[in-house]
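See structure below.
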Amino acid sequence: MILQLLDYLGTTAFAVSGALKGVRKGLDAFGIAVLALVTAIGGGTIRDALLDNRLFWLEDPTYVLLSVVTAGAVFLLYRLFARTERPLLLFDAIGLGVFTAIGAMKAQQADTGLVGIVTMACLTGVGGGLLRDLLAGDVPVVLREEIYASASILGALAFWAVLRIGAGDTAAICVSAGLTIILRVLSIIFGWRLPRGEVETAGAEESE
């Protein structure tokens, strides 16, 4: 029951994130719904395909309905969200954390081991946002220097570590989701970035 509720929460959060991206890009109602749906179910679809599982939204169409209804709500209330990027980032952080934990749990149930847990957790967490940004014509956030995929990876490792000490599935899910969300939110608040390579252009410009 807890897993199901968290899954719906993550779906809603990511649907809001995708719909807000559509609003900020000036898409029509259909485009907003598409971005919401892709963001909400994209990562889980990739995960289930790799694990050779039946797609979760075919088993339970609630995910699709929830995403479309959420997109409609954001479309109707878009003036409340279009003024700032913070709501987008907050909902995206919630979805990232919840889906990271869900992906780790699915991988654990499939007996994939540590590598499988981290991989499936990260794909579930960042896959939807990756597809969202590509469809919106943006450089995916996961490819920029922000603390995003790294937060998901650390959340997946926390899930594995909690299981290793015998704390149980519920504790592992809560710790994984909580840590991922906290890391992502703190990175937004304090502007944390991963280091990136510096390209030397001064000499080239002078030679020109």
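The values are calculated or read from the model by the stated rules, or taken from the named source; none is laboratory data. Just so it is clear, the model here is predicted, and its values are computed rather than measured. Positions of Cβ are backbone-derived with ideal geometry, glycine not excepted, and every protein chain shown enters the neighbour counts. Protein only, heavy atoms only, side chains kept; ligands, DNA and RNA dropped before computing areas. Shrake-Rupley method; radii C 1.70, N 1.55, O 1.52, S 1.80 Å.
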Item to complete: Go through (1) open to solvent by 40 Å² or more (accessible area, probe 1.4 Å); (2) at pLDDT below 95 and name the single condition residue 154 misses.
Response: (2)
Worksheet item: Based on what the data block shows, is residue 138 outside any helix (DSSP H, G or I) and at negative phi?
Response: yes
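A quick yes/no check of all residues on (1) of a type outside the set (A, V, I, L, M); (2) modelled with pLDDT of 80 or more; (3) buried (at least 20 other Cβ atoms within 10 Å of the Cβ):
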site	(1), (2), (3)
168	yes, yes, no
177	no, yes, yes
185	no, yes, no
189	no, yes, no
199	no, no, no
204	no, no, no
Worksheet entry | Test result for residue 7, touching a residue at least 40 places away in the same chain (Cβ under 8 Å), out of contact with any Gly (no Cβ under 6 Å at 6 or more places or on another chain) and of a type in the set (D, E, K, R) | yes
Worksheet entry | Residues of the range 8-25 satisfying the condition of being crowded, with 24+ Cβ neighbours inside 10 Å and aromatic (Phe, Trp, Tyr) | 14
Discussion item. Where the second residue is loosely packed, with under 14 Cβ neighbours inside 10 Å and acidic (Asp, Glu) and the first is in contact (Cβ under 8 Å) with a residue 24 or more places away in the chain and at negative phi and lies in the range 168-195, which pairs have Cβ atoms under 9 Å and are six or more apart or on separate chains?
Written reply: 193/145; 194/145; 195/145
Response to the item:
Subset of the range 45-79, residues of a type in the set (Phe, Trp, Tyr) and under 19 Å from residue 123 (Cα atoms), comes to 56, 57, 63
Worksheet, complete the sentence: Among helices (runs of 4 or more DSSP H) entirely within the range 26-119, at least 1 residues that are at pLDDT 90 or above and open to solvent by less than 70 Å² (accessible area, probe 1.4 Å) occur in 29-50, 56-59, 62-76, 86-109
